[in-house]
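Just so it is clear, none of the values below were taken in a lab; they were calculated from the coordinates. Given the structure is predicted, the values throughout are model-derived calculations rather than measurements. Cβ: placed from backbone, ideal geometry, glycine included. Neighbour counts: every protein chain shown.
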Amino acid sequence: MIEFVHRSVLLDETVDSLQVKPGGVYVDGTLGGGGHSFEIAKRLQGEGTLIGIDRDEDAIKAAGERLSVYPDIVRIVRGNYSQMPEIVRDLGFSKVNGIMLDLGVSSYQLDTAERGFSYMQDAPLDMRMDRRETRTAGDLLNTADEQELFRIIRDYGEERYARRIAANIVAKRAVKPIETTGELVEIIRASIPLKAQKIGGHPAKRTFQAIRIELNNELGVLEDTLDAMIDLLADGGRLSVITFHSLEDRIVKTAFKRNEHPCTCPPEFPVCVCGKKPKGIVVTRKPVEPSEEECVENTRSRSAKLRVFEKRGEV
């Protein structure tokens with residue numbers, strides 16, 4: 001197994017946004033290689049607790065080694081960040097002072113061919129974030145009907161040629177099952193006009209992204225969990241989320257706005273009667289984006305956006 005490497009995107013900006021204070025409790029819901037967590041642990045100065053959560057077994061092992069220099073304050077749990085309230089409670093805490101999510105797929109996952117995330121290497125179609133799950137990307141591609149494939153590729157990949165790609169997947173699998181990333185790349189290339197392939201990066205990028213998002217229910221988990229994470233924050237605590245996809249960013253932006261302005265009364269009502277109270281404020285009116293220097297050093301950071309919400313007892 002190659003070394004688990006993941007360049008932490010917006011590292012300083014994200015950790016700074018959490019306003020880490022010694023003695024506090026902080027949660028990294030997408031531990032990855034532990035880059036953000038290492039910086040958080042360092043700022044805790046030996047006092048407090050850092051809880052790291054990840055569903056990827058390789059991430060857990062790598063982050064565990066990296067964070068082993070902070071044995072007294074770090075707790076690592078294998079799980080989905082959707083389980084965060086239960087994980088935090090099981091560790092003996094009712095509230096936390098900060099939570100962060102880095103929703104990007106790790107460099108390790110992309111660079112390890114056998115994981116099946118990359119369109120640059122031929123490998124089995126896997127793409128499972130958690131390999132305890134049984135359904136793979138190959139299963140999805142070979143069983144979903146054409147309309148469903150079209151929807152996935154169009155919505156999650158924002159792919160202009162989604163209908164043609166879906167039709168060609170169904171035609172190819174009628175002859176033999178699609179088993180490798182290389183086979184899928186060939187189908188995608190055959191579906192997109194040559195002129196269009198010369199712009200916007202690798203022609204398979206959007207379709208691979210779409211399949212990964214669908215398989216791992218990435219958007220569903222995010223949408224269902226943000227409110228619970230805000231509820232988990234202590235007064236003054238912050239939730240910082242890095243997204244890499246317009247749909248992810250929209251979900252975060254909408255959830256933050258809803259928790260800042262939850263009132264559902266018609267605008268013509270003179271006073272609020274719905275009883276819904278604001279939970280805090282949006283710190284980032286515009287998302288924080290990587291510097292030009294970071295984008296040059298790490299091209300995978302180009303689409304990153306950081307949004308921050310602060311919990312407040314009375315707003």
Multiply the residue separation of GLU133 and LYS195 by 0.36 nm, subtract the distance between their alpha-carbon atoms, and state the gained length in nm to one decimal. 18.5 nm
Full-extension gain between VAL69 and ASN298, please, as 0.36 nm times their residue separation minus the C-alpha to C-alpha distance. 79.8 nm
Going through segment 275-315, which GluC sites (Glu not before Pro) have at most 15 other Cβ atoms within 10 Å and a DSSP loop state? GLU314
So between ARG312 and ARG163, what do we pick up on full extension, going 0.36 nm a residue minus the alpha carbon distance? 49.0 nm
Taking Cα atoms, the helix 35-44 axis meets the longest principal axis of the chain at an angle in degrees (rounded to 10) of 10
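Which trypsin sites (Lys or Arg not before Pro) does segment 142-178 hold that lie in a coil by DSSP with at most 16 other beta carbons within 10 Å?
Qualifying residues, ordered by number: ARG160.
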Quick check: pseudo-label points 7 Å beyond the Cα along Cα→Cβ at ALA234 and LYS61, how many nm apart are they? 3.6
Over the chain, with a Gaussian network built from C-alpha contacts below 10 Å, which listed residue (PRO124, PRO193, PRO85) shows the highest mean-square fluctuation? PRO193
Virtual paramagnetic centre 7 Å along Cα→Cβ of GLU146, amide N under 13 Å, in segment 153-195: 163-174
THR49 neighbourhood, Cβ < 10 Å, K/R = +1, D/E = -1, net charge -1
Using the alpha-carbon atoms, what tilt in degrees (0 to 90, nearest 10) does helix 181-191 show relative to the longest principal axis of the chain? 70
Sorted on mean Cβ neighbours within 10 Å (highest first), peptides 91-102, 125-136, 51-62 come out as 51-62, 91-102, 125-136
